[in-house]
Amino acid sequence: MLKFLFALVALALSVPAGGLLAGLDRKLTARLQSRMGPPLLQPFYDVLKLCGKSPCVSNPWLVFCSFVCVTASALALFLFYMQGDLLLLFFVMTISAVFKVAGALSIPSPYSNVGAQRELLQMLAYEPLITLVFVGIASVTGSFMVADVYAVETPLLLQLPFLYLALGYALTIKLGKSPFDISACHHGHQEIVRGVLTEYSGPQLALLELSHWLDTILILGLCALFWHTSFVGMVILLVITYLAEILVDNITARMTWQWMLKNAFGPTLALAVFNILWFYVR
Amino acid sequence: MDIAKKLTEALGGYINKGRVKSPWVIHYDCGSCNGCDIEVLACLTPVFDLERFGILNIGDPKHADVLLVTGTVNHRNKAVLRNIYDQMPDPKAVIAVGTCACSGGVFQDCYNVVGGVDQIIPVDVYIPGCAAKPEAIIDGVVLALEVVKGKLGLQPLPKTTVFE
Ligand code: SF4
């Protein structure tokens, strides 16, 4: 019961935390481009504004899909806080992404369709990586439960350093950061403008934004599992990971989906498999 | 009952704050000579940094709050302009950037030209200038926010809708 309450509170706190993280991201991005940047609370203003826009829905499916998307994201994070099964968490996380795509595909708009196809390709690139990360964690702890990670004495990072790199790679794709902002871009113009988000508007877009915040927290939570033994280590690991993420986002240009697939399935997958084999041989 | 009313009021206040703090812009080039377009893009550079005010150039009418139009309207693109305007969910504002968009400018009596943007859709703020300076465009967007506030009933409407 206590665990349940704790998970609920943590989930509720994750929403403002995700928003603040997004604000920090935008601020740092602006500083890296020697701009002032928006206020830290900007993502909250955006979401509030979007909630107040008049409805402009081309297909009722869109509303349904955006609700399922945010619910699935929240459920995945909740499972994580409940220290549940990593595989179950993975499936719930996928549901969120699939419904985002389904909503975009429900409308015969070429932009949203191209964006949806590309989102599917992105999923194709990061899902095997995340699965392998879970397999790696399971091979160290002996089970797929998050709770069992805490039974391990040494940080996972020491045993699975290459898998952590693969997770970082997957994180960049999952969050749609440059060079993988292929299906939709958060800032400025891209060739397909807003891609998979094109047809979501007003409150629906706000829900997708919320689900994005929750996804960010979940992925960072997964990163935190790699140094569960000390709180300070966890914080250092997360800060370094996220700063590296923002830096990469700023110094790279968008690449093609072919390049993304080639790299995700080539070197990165090899790195992940190598790490798991190495763990067994050692 | 009382609490419910207070809550909706507070939420409405927050939403209004969001509306004022996060105007997303879509830029449509009607038939501009590109002079004004370059100035609009210049606003996004580090020198002027529109994002300070939460302004993003979003490029999708369904996400946008403010429509920036440059150039004169002609018979070919008036339907497109109308279409983009109609696709934007309320509340929205329209800004005519540059003398061409305000009145037709030097192209006023050309055979193919309809005139300023206000011939086709209601315009909230006019920013004259050939080309309109980036500073003027930023101030124009801020003035448009005043107009939006006025329309929401948060304050009286500004006296002028022409930015000089
Ligand atoms: S106002 Fe001047 S710079 Fe702007 S579009 Fe017209 S002619 Fe070009």
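Taken together, the values in this text are just the output of simple stated rules run on the coordinates, not laboratory data. The structure displayed is predicted, hence computed values, not measured ones. Methodologically, a virtual Cβ is constructed for each residue, glycine included, from the backbone with ideal geometry; neighbour enumeration extends over all protein chains shown.
What does DSSP give for the stretch B:39-130 in terms of the percent of beta bridges that are antiparallel, rounded to the nearest 5?
Antiparallel bridges: around 20 percent, rounded to the nearest 5.
Pulled fully out, how much extra length does the chain show between A:VAL239 and A:LEU124, if you take 0.36 nm times their separation in residues and subtract their Cα-Cα distance?
Gain on extension, A:VAL239 to A:LEU124, equals 38.7 nm.
222 nm [θ] for chain A, helices only, -39500 (n - 2.57) per DSSP H run of 4+, per residue, to 500?
-24000 deg cm²/dmol
Run the simple label-point estimate for A:TYR280 and A:ASP148 please: 7 Å along Cα→C-beta, distance reported in nm.
About 1.6 nm, to one decimal.
Starting from the Cα of A:LEU32, step 7 Å toward the Cβ, then list every residue of the stretch A:242-256 with an amide N under 13 Å from that point.
A:242-254
Cα-based Rg of the stretch B:47-122 per 2.2 N^0.38 Å, rounded to two decimals?
For the stretch B:47-122, the normalised Cα radius of gyration comes out at 1.18.
So, R0 is 30 Å and r is the distance between the beta-carbons of B:GLN108 and B:THR45; what FRET efficiency does that work out to, to 0.05?
0.45
Taking a quarter of the surface of the convex hull around the Cα atoms of the protein assembly as shown, what do you get in nm²?
Averaging across all directions leaves 23.7 nm² for the Cα convex hull.
How far is helix B:134-152 tilted off the main Cα axis of chain B, in degrees rounded to 10, range 0 to 90?
The angle comes out near 50 degrees.
Going by how many other Cβ atoms sit within 10 Å of their own, how do B:LYS133, A:LYS3 line up, fewest first?
If I rank by nearby Cβ atoms, fewest first, I get A:LYS3, B:LYS133.
Throw me the Rg/Rh for the stretch B:21-152, computed over C-alpha atoms with Kirkwood Rh, two decimals.
Answer for the stretch B:21-152: 0.94.
So which lysines can B:LYS92 reach, going by Cα to Cα under 18 Å and dropping same-chain residues fewer than 8 places off?
A:LYS49, A:LYS53, B:LYS17, B:LYS21, B:LYS62, B:LYS149, B:LYS151
B:ASP90 to B:LEU7: extension gain in nm, 0.36 nm per residue of separation minus the Cα-Cα distance?
That pair, B:ASP90 and B:LEU7, stretches by 27.6 nm at full extension.
Give the percent of DSSP beta bridges with both residues in the protein assembly as shown that are antiparallel, rounded to the nearest 5.
Counting only bridges with both partners in the protein assembly as shown, antiparallel ones make up about 15 percent.
How large is Rg/Rh for the stretch A:164-282, to two decimals, with Cα atoms and a Kirkwood Rh?
1.02
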